[in-house]
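Student: First the structure, then my questions, so here it is.
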Amino acid sequence: MAKRKAGESEADAGDPLHPRLAGELFGHDEAEAMVLRSFNAGALHHAWLITGERGIGKASFAWRAARFLLSRDGEGGAADRAPATRLDVPSNHPAARQIAAGAHSSLFSLEAGGASAIGVDEVRKLRAFLSLTSPGGWRAMIVDPANDLTIASANALLKAVEEPPPRTVFFLVSHGAASVLPTIRSRCIKLALRPLDAAPFACAVEAACARAGLDAPDTGQMQRLHALSGGSAGRALNLIGGGLLALADKLERVMDRLPRLDHAAVHDLIRSASGAKNAETFARLCDLIEERIEARAKSAAQGAGCNTTEAALWAVAWQGFRERRLETDVLNLDKGAFLLAAFSDMERIARKA
């Protein structure tokens, strides 16, 4: 049956934005067609590595594909059925209802909770699940994200992926394939999902807002969100739900003016995120800074004028920011000083670049 992720409460299990509840998926038709071709040919691969930026629908794709497979139990072989043209499953289908309730007996999910990694004990539970007698239909395993596997848990998962029971399919979600164990990668078909273009992005954001009971952005806000989030509907929802559009706009203006540091704007950001009453704003601002530094590293590495030196500088800055952020939280250090040092580091790197 579907497993609640580590550290998740009963209330969290009812999160309306959990990817298992996403009835539609926007902007990933090529990946969907690839799975359908394999399924219709009667040669569905047993392991799929779904990669791409955070928040673009990777987990929703995994749950969508799993729901499709589990809805096909009881059908004849590939030669006896009409080819499937979409992964859609009606919400009133028994498999869809069971998955939405987190109670399907042929689905197992491993999901990291917050800062928690997916430990070896959790993977052992998955392997124990696979050792149970199969009801004879499809079984689906979801790992989200595979990046959060420890070395021990990745090696334990490898044994399951190497020799899966018949009609068992793994869907591994990954924010970066390079951090997944190479021996696991080599046994998977890679589905690389891209950030959403403006039209599917708007559809995804509107659908998620409807599920979460949020007001959908107007056209102007949607355009800003698309630019700020880099085509990630998940990031856009964080901005909307956390009331962070203004904060993100301020940070974007600071980043856009680098290598010149707008000290007045920086101090305004620091003031808004300092003090015990602004702990949530501090956390959200740190999340946004991490994302912007990561985006700079990827842009330098993958852009038209590929600059590996600049990419390395931003990558080191990203890692350093994460480590100092954790240290600041654990030791209750001065948050303002931490943020000021981070902006000074970004100014220094931008000048070198």
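Student: Within segment 309-336, can you find the residues that are part of a helix (DSSP H, G or I), farther than 19 Å from P259 by Cβ and touching a helix residue (DSSP H, G or I) at 6+ places or on another chain (Cβ under 9 Å)?
Tutor: The answer is R322, R324, R325, E327, T328, D329, K335, G336.
Residue-wise test of (1) in contact with a Phe, Trp or Tyr (Cβ under 9 Å, 6 or more places away or on another chain); (2) over 18 Å from V169 (Cα atoms); (3) at pLDDT below 95.
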| site | (1), (2), (3) |
| --- | --- |
| F61 | yes, no, no |
| R64 | no, no, no |
| D80 | no, yes, yes |
| H93 | no, yes, no |
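Student: Follow-up question, since we're still on this one. Among A100, A146, which is in contact with a strand residue (DSSP E or B) (Cβ under 6 Å, 6 or more places away or on another chain), crowded, with 16+ Cβ neighbours inside 10 Å and of a type in the set (A, V, I, L, M, F, W, C)?
Tutor: A146
Student: Also, I was wondering about something else. Take the residues of segment 271-285 that are of a type in the set (A, V, I, L, M) and surrounded by 19 or more Cβ atoms within 10 Å (Cβ to Cβ): which is farthest from V316 (Cα to Cα)?
Tutor: If we take residues in segment 271-285 being of a type in the set (A, V, I, L, M) and surrounded by 19 or more Cβ atoms within 10 Å (Cβ to Cβ), then A273 is farthest from V316 (Cα to Cα).
Student: Could you grab the pairs with beta carbons closer than 7 Å, sequence gap of 6+ or different chains, first residue in segment 128-140 and free of Cβ contacts under 8 Å to residues at least 60 places away in the same chain and within 18 Å of K159 (Cα to Cα), second one among the aliphatic types (A, V, I, L, M) and outside any loop (DSSP other than H, G, I, E, B)?
Tutor: L130/A160
Student: Name, by its number, the condition in (1) touching a strand residue (DSSP E or B) at 6+ places or on another chain (Cβ under 6 Å); (2) without any contact (Cβ under 8 Å) to a residue 40 or more places away in the chain that does not hold for V169.
Tutor: (2)
Student: Quick check on segment 172-192: of everything there that is small (G, A, S) and in contact (Cβ under 8 Å) with a residue 40 or more places away in the chain, which residue is nearest to R139 (Cα to Cα)?
Tutor: The extreme case among them is S174.
Student: Moving to a separate point now. Among the residues of segment 204-233, write down those that are open to solvent by 50 Å² or more (accessible area, probe 1.4 Å) and farther than 24 Å from P145 by Cα.
Tutor: Hits for segment 204-233 are E206, A210, G213, L214, D215, A216, D218, T219, Q221, Q223, R224, A227.
Student: Name every residue in segment 169-198 that is part of a strand (DSSP E or B), more than 13 Å from G55 (Cα to Cα) and open to solvent by less than 10 Å² (accessible area, probe 1.4 Å), in order of residue number.
Tutor: Within segment 169-198, V169, F170, F171, L172, L191 meet the criteria.
Student: What is the one condition in (1) assigned to a helix (DSSP H, G or I); (2) more than 18 Å from H45 (Cβ to Cβ); (3) hydroxyl-bearing (S, T, Y) that S134 does not satisfy?
Tutor: (1)
Student: Right, next: Only one residue in L158, L237 is within 30 Å of D73 (Cβ to Cβ), hydrophobic (A, V, I, L, M, F, W, C) and not in a strand (DSSP E or B). Which one?
Tutor: The conditions single out L158.
Student: Let me ask another. Considering only segment 56-65, how many residues are over 13 Å from K190 (Cα atoms) and either surrounded by fewer than 23 Cβ atoms within 10 Å (Cβ to Cβ) or of a type in the set (A, V, I, L, M) (or both)?
Tutor: Qualifying residue count, segment 56-65: 3.
Student: So which of L251, L261, L288 ends up being open to solvent by less than 40 Å² (accessible area, probe 1.4 Å) and either farther than 20 Å from G320 by Cα or within 21 Å of the chain's Cα centre (by Cα) (or both)?
Tutor: From the options L251, L261, L288, the qualifying one is L288.
The values are calculated or read from the model by the stated rules, or taken from the named source; none is laboratory data. Note that the coordinates shown come from a computational prediction; the quantities given were computed from them, not determined experimentally. Backbone-built Cβ (ideal geometry, glycine too); neighbour counts: all protein chains shown. Areas reflect the complete protein model, heavy atoms only, side chains present, ligands, DNA and RNA absent. Shrake-Rupley method; radii C 1.70, N 1.55, O 1.52, S 1.80 Å.
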